[in-house]
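The values are calculated or read from the model by the stated rules, or taken from the named source; none is laboratory data. Model, not experiment: these values are computed from the prediction. Ideal geometry is used to build each Cβ from the backbone, glycine not excepted, and the neighbour counts take in all protein chains shown.
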Amino acid sequence: MQYIPYIYSAIISLIALIITCADKSAAKHDKRRIPEKTLFSVAIIGGSLAMYYTMRIIRHKTKHKRFMIGLPIIMILQIAIPIVLILLI
């Protein structure tokens with residue numbers, strides 16, 4: 001039971017990595033892309049860190065301010081919200 005958050009994080013991070021790489025591949029081969037809404041949805045449910053670093057490493061969407069600013073904001077909120085909730089309880 002105590003490992004569930006770690007397993008969840010690993011799975012979401014892997015999904016974020018896979019869809020980011022798949023979108024990069026689709027962009028290179030002029031195929032159907034993964035919608036930005038899907039990329040951001042995966043980031044919001046926990047894949048933001050993995051997605052951000054994957055995008056930086058494979059140089060995908062690094063010129064899009066929406067991602068290069070949006071993903072770090074999501075990460076900050078994912079850290080800040082639980083801290084605030086813990087402090088309020």
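Report, by residue number, each residue of the stretch 1-38 that is part of a helix (DSSP H, G or I), among the basic types (Lys, Arg) and surrounded by fewer than 14 Cβ atoms within 10 Å (Cβ to Cβ).
Within the stretch 1-38, Lys28, Lys37 meet the criteria.
Among the numbered criteria (1) on the phi > 0 side of the Ramachandran plot; (2) over 11 Å from the mean Cα position of the chain (by Cα); (3) not hydroxyl-bearing (Ser, Thr, Tyr), which single criterion is violated by Lys65?
The failed condition is (1).
Assess whether Thr54 counts as being surrounded by 15 or more Cβ atoms within 10 Å (Cβ to Cβ), at pLDDT 95 or above and not hydrophobic (A, V, I, L, M, F, W, C).
yes
Considering each residue of the stretch 25-56, count those that are out of contact with any Leu (no Cβ under 7 Å at 6 or more places or on another chain), closer than 20 Å to Ser9 by Cα and aliphatic (A, V, I, L, M), and give that number.
Qualifying residue count for the region: 6.
Before we move on, is Ile12 in contact (Cβ under 8 Å) with a residue 12 or more places away in the chain, closer than 14 Å to Lys61 by Cα and touching a helix residue (DSSP H, G or I) at 6+ places or on another chain (Cβ under 6 Å)?
Judged against the criteria, Ile12 is not a match.
Just to be sure, is Ser48 part of a helix (DSSP H, G or I), exposed (fewer than 14 other Cβ atoms within 10 Å of the Cβ) and at pLDDT 95 or above?
no
When the stretch 18-55 is examined, which residues are found to be among the hydrophobic types (A, V, I, L, M, F, W, C) and under 15 Å from Leu77 (Cα atoms)?
Phe40, Val42, Ala43, Ile44, Ile45, Leu49
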